[in-house]
Amino acid sequence: MNKISRRKFVTAGIATAAGVSGLAVASKLAQRYGLVPPDSRGIFGPGETLSYAAHRLFSRNSLAREFPRSMISKVPFANATDPPDDEFKRLQSGGFADWRLSVEGMVAHPVSLSLSDLKTFPVRSQITEVVCEEGWSYVAEWIGTPLHEVLKASGVLPQARYLVYFSIQPDWWDSIDIDDALHPQTLLTYAMNDGDLPVSFGGPLRLRVPRQLGYKSVKFVTRLVVTDSAKGYVGAIDPKSPNYGYSWYAGI
Amino acid sequence: MSPADSLSNQGPRHTALVRITHWITVLSFAALLVTGIELIISHPRFYWGEVGHSQMSPLFRIPIPSSRSTVPSGYGYVLPDQNGWSRYLHFEAAWALLITGLVYLVFGLRTRHFRKNLFPAPPDRTWSAVARVIAKHLRLAPPDEAEARTYNVLQRVTYLFVVFVLFPLVIWTGLAMSPSFNSSFPWAVNVLGGRQSARTLHFLISLSLVVFLFIHVAMIVLTGFATRMREMIIGADPVSQEGT
């Protein structure tokens, strides 16, 4: 081995060592600042982590676009939803008076709220777009209780990192990080345009997450669980979830 | 730089930087194309403005079956949903393309790659020079010695257009479909005329990249596939090439 190639060899060795330890440090920092999504493993992990980290670095508190009233779609699109089960029909026949939303997990005061309880919280109305992962979209006015109002009233514990939310339909749930859960536009929606939220659009209660694709806005929400780990509830990696195979983070 | 200067340059036809970034781009583009087609299948209709869905009239539609029962495709069957891995791979490949593009841009500027190899040489910056090259193509004349070592004005303008116009536009229109990106940079989608306009433009620009790809590959086949591939893979020093 001549002198130059030895120097090159040593330089390359140092560069590799620096690169590897740099990556290790970057990974620690990324974990600490919440830049790593729960589906960061596997062949699509690097791309998914880059997208999520970029959005959390540059768009953590940004607001989804809101539109003027004139841009509300004349015909919104309900998309296909499974027919409601018997339990849903029973609640529907009672005008959803018995509908309950429970708030559980890492909160100081777990509660169970009826729709009229929910309406005692501050109301927010926002005109935002539903963006389906398939490519279509529409704009509607969504009215409801900001999720952060309910979470704050329940006292979210400091170690909370995720919110898991469940539909009344079996095996329909998803999770978001605590940033999106406390985001001012994340809305427990009970009304749409000029009336109650229609069942086809997720009524009586849908969690709207306007900075992410439509599949994160789960319909017929009955249960919220605040946790420190989304393990077991990452739609993307659980074969039981309707979002199985879809990326967990859908801000893109 | 005159063609004679290029001839006296005895380095490889393409630098290592160009070769490596070229092939990473090929892989990324292939992944983006396949997954892009797959994503279109879930809604092969295109709209203009902010919103659009199955119950609105499209700007145009592609007459193919769809992977969603809610899309009136006219076919009696629904294709399987492949959007999960398609979207994962689309964005992962987009990151690879973006990072490769930035490396190419920075090193291309530092090594004066764009000025030396892509900006038309001063004598070629005339319409008559362009006309001469087009006439030569129409006669199907083989490339002369100088052209084997450098790009003619038509190639240079095309590559510059692809690198500095089409790729930036396709990245921009792609980002303009991201609800989170739009929350930080609403102007990026608003100036395009809305989200559905961004989607339609993304499709049309991708289509023009595919047209470029077909012409690019056709020209490589016509001018000597083996030689061109050797140049882009190992750099192929012209001296060692003389016997071929």
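The values are calculated or read from the model by the stated rules, or taken from the named source; none is laboratory data. It should be emphasised that the depicted structure is a prediction, and the values quoted were computed from it without experimental measurement. Glycine gets a Cβ as well: all are built from the backbone with ideal geometry, and neighbour counts include every protein chain shown.
Taken over the stretch B:64-118, residues that are at pLDDT below 95, over 25 Å from A:Y244 (Cα atoms) and within 12 Å of chain A (Cβ to nearest Cβ) amount to 0.
Pairing residues of the stretch B:10-21 that are hydroxyl-bearing (S, T, Y) with residues that are in a helix (DSSP H, G or I), at Cβ distances under 6 Å and at least 6 apart in sequence or on separate chains, gives B:T21/B:T100; B:T21/B:Y104.
Against the conditions (1) crowded, with 16+ Cβ neighbours inside 10 Å; (2) within 30 Å of A:V75 (Cβ to Cβ); (3) in contact (Cβ under 8 Å) with a residue 24 or more places away in the chain; (4) of a type outside the set (D, E), B:G84 satisfies every one except (3). Look at (1) closer than 27 Å to B:Y88 by Cβ; (2) part of a loop (DSSP other than H, G, I, E, B) and you find that A:G203 fails only one, number (1).
For residues in the stretch A:222-252 being among the aromatic types (F, W, Y) and either in contact with a Leu (Cβ under 7 Å, 6 or more places away or on another chain) or surrounded by 16 or more Cβ atoms within 10 Å (Cβ to Cβ) (or both), which is nearest to the other protein chains (Cβ to nearest Cβ)? Show your work before the answer.
Of all residues in the stretch A:222-252, those among the aromatic types (F, W, Y) come to A:233, A:244, A:246, A:248-249.
Add one more test, that the residue is either in contact with a Leu (Cβ under 7 Å, 6 or more places away or on another chain) or surrounded by 16 or more Cβ atoms within 10 Å (Cβ to Cβ) (or both), and what stays is A:233, A:246, A:248-249.
On the way: A:Y233: 17, A:Y246: 5, A:W248: 10, A:Y249: 9 Å.
Ranking the candidates gives A:Y246 first.
Of the residues making up the stretch B:45-63, not one is within 22 Å of A:Y246 (Cβ to Cβ) and away from every other protein chain (no Cβ under 12 Å). Picking from residues in the stretch B:13-44 that are part of a helix (DSSP H, G or I) and facing chain A (nearest Cβ under 9 Å), the one that is surrounded by the most Cβ atoms within 10 Å (Cβ to Cβ) is B:I40.
Screening B:L105 with (1) crowded, with 20+ Cβ neighbours inside 10 Å; (2) free of Cβ contacts under 8 Å to residues at least 24 places away in the same chain gives one miss only, at (1).
Within the stretch B:185-201, track down each residue that is in a helix (DSSP H, G or I), more than 9 Å from chain A (Cβ to nearest Cβ) and surrounded by 16 or more Cβ atoms within 10 Å (Cβ to Cβ).
Passing the criteria: B:A188, B:S197, B:A198, B:T200, B:L201.
The set of residues in the stretch B:172-184 being under 22 Å from the mean Cα position of the chain (by Cα), within 11 Å of another protein chain (Cβ to nearest Cβ) and part of a helix (DSSP H, G or I) consists of B:G174, B:L175.
Please indicate, with yes or no, whether at least one residue in the stretch B:124-136 is polar (S, T, N, Q), without any contact (Cβ under 8 Å) to a residue 12 or more places away in the chain, at negative phi and not in a helix (DSSP H, G or I). Within the stretch B:124-136 (the criterion being polar (S, T, N, Q), without any contact (Cβ under 8 Å) to a residue 12 or more places away in the chain, at negative phi and not in a helix (DSSP H, G or I)), the answer is yes, since at least one residue qualifies. The set of residues from the stretch B:54-73 being surrounded by 15 or more Cβ atoms within 10 Å (Cβ to Cβ), free of Cβ contacts under 8 Å to residues at least 24 places away in the same chain and of a type in the set (G, A, S) comprises just one member, B:S54.
Let me confirm something: among A:A80, A:A64, which residue is buried (at least 17 other Cβ atoms within 10 Å of the Cβ) and either within 28 Å of the chain's Cα centre (by Cα) or of a type outside the set (A, V, I, L, M) (or both)?
Numbers: A:A80 fails: buried (at least 17 other Cβ atoms within 10 Å of the Cβ).
From the options A:A80, A:A64, the qualifying one is A:A64.
Please determine, by comparing only the residues of the stretch A:124-151 that are crowded, with 20+ Cβ neighbours inside 10 Å and of a type in the set (G, A, S), which one is nearest to B:R68 (Cα to Cα). Top of the filtered list is A:G135. Screening A:H55 with (1) within 30 Å of B:Q196 (Cβ to Cβ); (2) more than 10 Å from chain B (Cβ to nearest Cβ) gives one miss only, at (2).
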